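Quick notes on the structure that follows.
The values are calculated or read from the model by the stated rules, or taken from the named source; none is laboratory data. Everything numeric here is computed off the predicted structure, so don't read it as measured data. When we count neighbours, we look across all protein chains shown, and the Cβ atoms used for this are built from the backbone with ideal geometry, even at glycine. Note: areas computed on protein heavy atoms with side chains; ligands, DNA, RNA excluded. Shrake-Rupley method; radii C 1.70, N 1.55, O 1.52, S 1.80 Å.
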Amino acid sequence: MRLITCHGFRLGLVMALLLPMPAWAIPAITCHCFTDRSYDPAHPTVADPYFLATTQNSFFAAAFGVEKKTIVVKKQKGNSADDLWVAYWLAAKSGADPESLLQERKAKGAWRQVAAPLALPATSRGGRVVEALKANAADDRLANAVVDELLLRFRFYGEPELAALRKAGAGNQELIMTGLIAAKTRQPATQLYRDVKGGGTSWGGLLQRAKVEPSEIQSEVAALVRASSESRSK
């Protein structure tokens, strides 16, 4: 993945070099400025990191009802995607403030300790995440449980297909992207995933085949989440 260096980051680095050594204890801010944001048939995979990231952020925003830019800014400030998935899931289930939960996570060192005093739902509602919390699972496994639950809730997948994709090695970004493309093309998600992993195509290539432009990813993902929510409410 190629990233460009933000102007503000360069300036901050220069200023830091001019400061005394103790001032280096400033939290780092990560720059997520992707250089390639459009599909290039001559270099079909070069923009894939951006497509995967923006699709994940779009799904996150739609699933939790937040602004996409809010999530992007939190990542730029150093919050991991894993922590954000867990924090916002806990916030949605308990009514707590996600930012406060993120701060608690930093202070307590584990999500299990953060979740303990919260009024979480019964196992039948959010069971994957609750069980992972009880097992004191690592952050990535907790995040996977959150994403799996959301993908099932919004009907991106059925249980068998989701399990098959996880077994094949699909990560959270890839699951969300594959679900979007499968919904648009009516093609089996597992086959789409294998096509990319086998080198037969790229995520950008699949988006082109599905007639989804990069600027339309957010609206397309939001439409899928909205349609599922409306269907469940009937």
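Note on the range 60-88: among residues that are basic (Lys, Arg) and buried (at least 16 other Cβ atoms within 10 Å of the Cβ), the one that is farthest from residue 102 (Cα to Cα) is 68. Among the criteria (1) in contact with a Gly (Cβ under 7 Å, 6 or more places away or on another chain); (2) surrounded by fewer than 18 Cβ atoms within 10 Å (Cβ to Cβ), the one residue 95 does not fulfil is (1). Residues in the range 187-208 that are open to solvent by less than 30 Å² (accessible area, probe 1.4 Å) and not β-branched (Val, Ile, Thr): 189, 192, 193, 202, 203, 204, 205, 206, 207. If you take the residues in the range 117-146 that are within 15 Å of residue 101 (Cα to Cα) and loosely packed, with under 12 Cβ neighbours inside 10 Å, which one is modelled with the highest pLDDT? Per the stated criteria, the residue is 117.
Being assigned to a helix (DSSP H, G or I), hydroxyl-bearing (Ser, Thr, Tyr) and under 19 Å from residue 38 (Cα atoms) is true for just one of 219, 228. Which residue is that? Of the residues listed, the single one that is assigned to a helix (DSSP H, G or I), hydroxyl-bearing (Ser, Thr, Tyr) and under 19 Å from residue 38 (Cα atoms) is 219.
Within the range 209-224, residues that are open to solvent by less than 40 Å² (accessible area, probe 1.4 Å) have Cβ atoms under 7 Å from residues that are at pLDDT below 95 in these pairs: 214/37; 214/38, counting only partners at least 6 apart in sequence or on another chain. Evaluate the following for residue 163: is it hydrophobic (A, V, I, L, M, F, W, C), over 20 Å from residue 201 (Cβ atoms), modelled with pLDDT of 95 or more and open to solvent by 40 Å² or more (accessible area, probe 1.4 Å)? In short, yes. Annotation note: Cβ proximity below 6 Å between a residue of the range 45-56 that is farther than 12 Å from residue 71 by Cα and part of a helix (DSSP H, G or I) and a residue that is among the polar types (S, T, N, Q) and open to solvent by less than 10 Å² (accessible area, probe 1.4 Å) (sequence gap 6+ or interchain) occurs for 48/202. Look at (1) of a type in the set (A, V, I, L, M); (2) at pLDDT 95 or above; (3) open to solvent by less than 50 Å² (accessible area, probe 1.4 Å) and you find that residue 168 fails only one, number (3).
Of all residues in the range 76-89, none satisfies being out of contact with any Pro (no Cβ under 8 Å at 6 or more places or on another chain) and over 20 Å from residue 57 (Cβ atoms).
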